[in-house]
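The values are calculated or read from the model by the stated rules, or taken from the named source; none is laboratory data. Everything numeric here is computed off the predicted structure, so don't read it as measured data.
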């Protein structure tokens, strides 16, 4: 026997239906911090500390973030 259930909802509705927390405020704060960092209003050490605490794989994750950020700050040739 095969049963197929199709649910048509937005990602927000799906998260609410499954009881997952709404992380929109956290996401907005993260984007604001990253925007300020890219504008130069936050010191790079603060960004590194923030990324280190959020990096999922310790130093390996931090290296990925570092390469990503270094690639965005290099001038185009």
Identify the single condition in (1) on the phi > 0 side of the Ramachandran plot; (2) modelled with pLDDT of 85 or more that residue 58 does not satisfy, given that it satisfies every other one. (2)
Tally of residues being over 20 Å from residue 64 (Cα atoms) and not in a helix (DSSP H, G or I) across the range 27-50: 3
